[in-house]
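Structure, as structure tokens:
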Amino acid sequence: MSMRIGYGWDSHAFKPGVPLKIGGLAIDHPEGLAGHSDGDVLLHAITDALLGAVSAGDIGTFFPPGDPRWKNADSAIFLNLALEEIQNAGYRIVNIDTTLVLAAPKIGPIAGELREHVADLLDIEPNAVGIKAKTPEGLSVDHVAQAHAVVLLEQVEDPTELKSMTAVIESQRQLEDVVKDLVSQVHGEPVRKPTFDTEDIT
Ligand code: MG
């Protein structure tokens, strides 16, 4: 059976006056994460890990810097597109593991809830999701949140199973029009090559 691994990393600075969202979860905290989208550092790292696992580029390939459509966007849109990409490539998630690096808030008390929420977004079991957190000792980045993510994929051998996976995503999230539009934009322009832009505005 064919298997693939993927790795993703992201960072966002904290900013007063914006809501904090990590892993799609709204977290009570005086500051949120700055970004063109909702700044969800964990979902961005997972999205890049999924895209990387099937050599589909990165988050900037699909969501170019400065595109007004993604202003304050829910990062679940980005994640859903990455899920679509791995399914189109014929794979499904075996498990993911993540590490958050941030001084505050403490992740330990909400790690269980975070794990269940991320599992729900990925349509996998909570025991297939690792959520860990560390403080940035010695890094002098106390006002920044970083996230690392690795994912393991396995090839889906039964094509009918792939169809049912896609149906679940479409029915649950109602983001299919956005995702299909993005996929066609990236794959439908023959002259366009993936832009591996290092400027991450998402
Ligand atoms: Mg980001």
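Here are a few things to note about the model shown:
- Counting 0.36 nm for each residue step from ALA104 to ASP123 and taking away their Cα separation leaves a gain of 4.0 nm.
- Sorted peptide list for 43-50, 125-132, criterion being average Cβ within 10 angstrom, highest first: 43-50, 125-132
- Calculated P(r) of region 3-188 - Cα pairs past 28 Å, %: 21
- Residues whose placed amide H lies under 5 Å from that of ILE131, excluding near-sequence neighbours: THR98
- Cleavage-rule hits (GluC sites (Glu not before Pro)) in region 107-161: DSSP loop, at most 12 neighbouring Cβ within 10 angstrom: GLU137, GLU157
- Region 3-188: Lys pairs at Cα distance under 23 angstrom, eight or more positions apart or on different chains: 12
Any read-out appearing in this document is the output of simple, stated calculations on the displayed coordinates, not a laboratory observation. Just so it is clear, the structure is predicted and the values come from calculations on it, not from any experiment. Don't worry about glycine lacking a Cβ; one is built from the backbone with ideal geometry, like all the others, and counts go over all protein chains shown.
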